[in-house]
Amino acid sequence: MKKSIYLLPLIILMLGACSSVKVVSDMDKTIDFTKLKTYEYYGWADNSDLILTRFDKERIEGAFKDEFTKRGLEYVEKDGDLVVLLHIIVEDKSRVSANTSGYGNFGYGGGYYGYGPGWGWGGGYGGYGMGMSTTYYDEIDYKVGTLVIDVYHAVDKKLIWESIGTKTVDDNPETREKSLPKSIAKIMAPYPVAPIKE
């Protein structure tokens, strides 16, 4: 098995750019969120922010603040109606990609019909079994980030809303600067109070 390390930066960039955030959320349906107008920021659970650069940490915190502001919630240093806690996990992942190359003797190969990986009818060779093909396997390493926001009711300290977003990590800081606010907007989308239309 061949490990294509030299392709890794490009592959991670492509995955990060095209992958969308997968979001799951849950809430306490007995709470009237429209009556909760202020929130305080507790911080990051288990010091998980230590894996972030200062810039990404500020981007994430700033994007969440913007989303709460859009919903009419005001940040306060203490005595807020809500307490917000963040948590992030980054996991190393890998997947195997198979690439087949070959040639055919009867015109079905060569990728003219778009079937399979650029070599015709799926198997990488054409005709009636008289061609040859070679399959290469690339092991691709990448990172998956999971960002969790927990919202607690300040009075009884109960968790009342949670949203979890999972996405392939983009290694390009400039792309992350643009994509993080969009990702966090999706994580905040299930919040029971919709953004105020301008």
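Just so you know, all these numbers are worked out from the coordinates, no wet-lab data involved. Please read all numbers here as calculations on a predicted model, not as lab measurements. Cβ: placed from backbone, ideal geometry, glycine included. Neighbour counts: every protein chain shown.
Rg over Rh for region 140-198 works out to 1.08, both radii taken from alpha-carbon positions and Rh defined as the Kirkwood radius. Among residues other than residue 34 with Cβ under 12 Å from its Cβ, the summed charge is +1 (Lys and Arg +1, Asp and Glu -1). Within straight-line reach of residue 65, meaning a Cα separation under 19 Å, sit the following aspartates and glutamates at least 8 residues removed in sequence or on another chain: 40, 49, 56, 74, 77, 79, 81, 150, 162, 177, 198. Listed by chain and number, the aspartates and glutamates whose alpha-carbon sits under 13 Å from that of residue 167, ignoring those within fewer than 8 places in the same chain, are 91, 92. Beyond 20 Å between alpha-carbons counts as too far, so tell me which of 29/57; 70/197; 57/197; 35/197; 70/157 fall in that bin. Violating the 20 Å Cα-Cα cut-off are 29/57; 57/197; 70/157.
So what's the net charge close to residue 21: Lys and Arg +1, Asp and Glu -1, counting the other residues with Cβ under 9 Å from its Cβ?
Details: positive: 22, 167, 182, 186; negative: none.
Surrounding charge for residue 21 is +4.
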